[in-house]
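Report on one structure; see the data block that follows.
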Amino acid sequence: MVLTDDQRALQETARRFSRERLLPLYQKREKAAILDRDLVREMGRMGLLGVEVPERFGGLGLDAVTTGLIAEEIAYGDFNISLVPVGMSLNAAILMRNAQPELADAWVPRMVRGEVVIAICLTEPRGGSDAANLQLRARSDGAHYVLNGEKTSITFADRADGYIVFARTGAPDSGAHGVSAFFVPADTPGIQRTCFDDVGSAIAGRGSVFFDDVRVPVDHRLGEEGKGFTQVMQGFDYSRALIGLQCVGVAQASLDEAFAYAKEREAFGRPIAQFQGVTFPLVEGESQIAAVRQLCFHALALRDSGQPHTAEAAMCKWMGPKSAFDVIHQCLLTFGHYGWSKDLPHQQRLRDVMGLEIGDGTAAVMKLIIAREKVGRVAVQYL
Ligand SMILES: Cc1cc2nc3c(=O)[nH]c(=O)nc-3n(C[C@H](O)[C@H](O)[C@H](O)COP(=O)(O)OP(=O)(O)OC[C@H]3O[C@@H](n4cnc5c(N)ncnc54)[C@H](O)[C@@H]3O)c2cc1C
């Protein structure tokens with residue numbers, strides 16, 4: 001892929017920030033389980049959030065490929081911090097495409113500056129794969145909707161400043177056609193939130209959000225009533241390709257460290273890099289990650305040129321986390337007993353990246369989407 005001068009400059013800025021500022025404190029931040037808002041604002045000041053957002057909303061007006069370059073670089077230093085730019089890009093795209101202009105004007109520039117973090121509330125306790133079967137109710141009441149119900153497994157649940165909420169406005173059995181999307185500021189009365197004790201990505205504060213008679217103005221609806229799935233969900237193709245690049249970035253960090261270690265560590269009187277049993281698995285990982293990287297940028301380039309990329313994005317989403325998990329596992333083994341220690345970051349990276357084997361849709365659901373794109377509804381009638 002040939003980069004423009006602007007893309008190379010931004011990639012270099014992100015790379016330096018990630019390796020000098022993020023990487024050294026990656027595990028310390030995760031242990032503290034706090035999203036460092038100063039760091040998020042700093043990323044905003046550096047222009048690393050929402051580079052594809054048009055200049056009138058405070059972004060740089062660049063493209064999806066450039067956003068992907070930044071996602072990969074940030075994830076190299078701290079996979080969990082990279083959830084912020086990726087989530088920001090998805091949420092800004094949803095708001096800019098579907099919100100009333102006043103609402104988008106009020107929130108998107110603050111997102112780009114790193115002043116606010118937005119969460120997406122789709123999953124409910126009864127299940128996430130069958131997302132259209134959601135129950136959280138939005139009842140029309142004059143100039144408002146009234147929301148009641150529970151969303152669960154929400155990234156940034158207890159630390160978000162606003163929520164994009166999918167709710168049922170149609171009849172209980174109306175499926176995807178009865179779902180609408182809303183933007184709800186986190187300080188709206190009637191909202192309660194919790195935080196789970198997770199395997200990884202603790203700084204993201206995954207948890208539940210409860211809506212108890214939450215009144216949302218009609219002009220906070222995103223898109224048309226009943227079009228939450230057909231209009232608003234389209235944004236997910238974007239985040240799926242970016243998620244693939246987060247996984248590429250974090251796996252590349254472990255690979256680089258493992259190759260460097262193999263050059264230094266000696267066994268049987270020579271560097272272990274001389275044993276093909278050590279280098280070949282790493283080389284296979286390097287190849288796999290290079291292939292996933294190209295797939296992700298291909299999906300983003302299709303997006304930039306206005307072409308369909310649903311299948312390609314779903315491929316990124318299942319192959320990215322799976323490949324990264326396998327590759328980081330191999331890197332951990334390369335470090336022998338040191339790899340098993342929490343002093344080294346590989347175990348943390350494994351736990352963090354595993355979350356995205358589930359979050360934003362499991363591999364099984366991604367494969368259903370790809371099959372549907374290939375052969376149509378005959379592959380899956382219920383999705
Ligand atoms: C780290 C993380 C972050 C998340 N962040 C968010 C967020 O910000 N917002 C949000 O709304 N949700 C979020 N989620 C929830 C996530 O989207 C759901 O967990 C996911 O969609 C799966 O839903 P489920 O957990 O209810 O599993 P279920 O739907 O109950 O599925 C259970 C298992 O059955 C499999 N399965 C289900 N249906 C099929 C089928 N038809 N064919 C084959 N296999 C099938 C699944 O693959 C899975 O392995 C997050 C989850 C995680 C782990």
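Every number here is computed from the coordinates shown, using simple stated rules; none is lab data. Because the structure is a prediction, the values reported are computed rather than measured. Note that each Cβ is placed from the backbone with ideal geometry, even for glycine, and that neighbours are counted across all protein chains shown.
The figures follow:
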| quantity | calculated |
| --- | --- |
| Every residue from the range 7-45 that is surrounded by fewer than 14 Cβ atoms within 10 Å (Cβ to Cβ) and not in a helix (DSSP H, G or I) | Ile34 |
| Given (1) more than 30 Å from Gly59 (Cα to Cα); (2) buried (at least 24 other Cβ atoms within 10 Å of the Cβ); (3) more than 10 Å from the ligand (Cβ to nearest atom), number of the condition Lys151 does not satisfy | (3) |
| Whichever residue in the range 154-170 is in a strand (DSSP E or B) and in contact (Cβ under 8 Å) with a residue 60 or more places away in the chain and, among such residues, is farthest from the ligand (Cβ to nearest atom) | Ala167 |
| Filter result for the condition that a residue is within 15 Å of the ligand (Cβ to nearest atom), over 24 Å from Asp352 (Cβ atoms) and surrounded by fewer than 16 Cβ atoms within 10 Å (Cβ to Cβ), over Asp187, Asp141, Asp130, Asp173 | Asp130 |
| Helices (runs of 4 or more DSSP H) fully within the range 265-368 counting 1 or more residues that are within 16 Å of the ligand (Cβ to nearest atom) | 310-334, 346-355 |
| Test: Pro125 is in contact with a Leu (Cβ under 8 Å, 6 or more places away or on another chain) and within 16 Å of the ligand (Cβ to nearest atom) | no |
| Residue in the range 353-368 that is farther than 26 Å from Phe156 by Cβ and among the acidic types (Asp, Glu) present | no |
| In the range 46-60, the residues that are hydrophobic (A, V, I, L, M, F, W, C), crowded, with 23+ Cβ neighbours inside 10 Å and in contact with a Gly (Cβ under 7 Å, 6 or more places away or on another chain) | Leu49, Val51, Val53 |
